[in-house]
Amino acid sequence: MHELSVAHAVVSTVLDALPSPDTRVLQVRLRVGELSGLVPQALEFAYDVAAQGTPLADAVLVIERSPIIIACSTCGDQPIASATDFRCPVCGEPCGDVVGGKELEILDITLDDTALANADLVGA
Ligand SMILES: [Zn+2]
């Protein structure tokens, strides 16, 4: 299951970013592209498994989907509605040049304030 390896990678990335190993994580926000091949529900399930016994165990996983973006030679970057129709939504030109939608990013993480007192914040 692809999602499980992704979930483990997300958990270990967040753990590396924590100011101290006992910092509690309250929320993790991910951006998952429509073309990433990841199923959000499966990712949530995998995340629960991967987070067990870590400071992320109680953290809420928030998944934002990001659209597929194609680069039309006439109209520039345009989001499209589905991965079955790669035509520019503006001029209708067929377009196979995908420039967005494959991403998997950690947008931000929310840490328990009480543990944050003097910590340098991650990425903020
Ligand atoms: Zn176009």
Checklist entry - So what's the angle, to the nearest 10 degrees on a 0 to 90 scale, between helix 40-51 and the longest Cα principal axis of the chain? => result 20
Checklist entry - Spin-label point model (7 Å from Cα, Cβ direction): what's the Cys75 to Leu26 distance in nm? => result 4.1
Checklist entry - Where Lys and Arg each count +1 and Asp and Glu each count -1, what net charge lies around Arg24 among other residues with Cβ under 12 Å from its Cβ? => result -4
Item to check | Nonlocal amide H pairs with Ile63, under 5 Å, H built at 1.01 Å | outcome: Leu30
Next on the checklist: Quick check on the range 39-93: what does the Kirkwood estimate of hydrodynamic radius come out to from the alpha carbon pairs, in Å?
Outcome noted: 13.9
Checklist entry - Helix 2-17 versus the longest principal axis of the chain: what angle, 0 to 90°, nearest 10, using Cα atoms? => result 50
Checklist entry - With a 10 Å Cβ neighbour count serving as the proxy for reagent exposure, in which order, fewest first, do Glu34, Glu105 appear? => result Glu105, Glu34
Checklist entry - log₁₀ I(q)/I(0) of the range 2-112 at q = 0.11, 0.16, 0.17, 0.22 Å⁻¹, via Debye over equal Cα point scatterers, no solvent, to two decimals? => result -0.43, -0.72, -0.77, -1.04
Checklist entry - Once amide H atoms are built 1.01 Å from N in the peptide plane, which residues 5 or more positions from Glu93, or in another chain, come under 5 Å H to H? => result Cys88
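No value in this document is a laboratory result; all are computed from the given coordinates. Quantities reported herein were computed from a predicted structural model and do not represent experimental measurements. Heads up, the Cβs are rebuilt from the backbone with ideal geometry, glycines too, and the neighbour counts pull from every protein chain shown.
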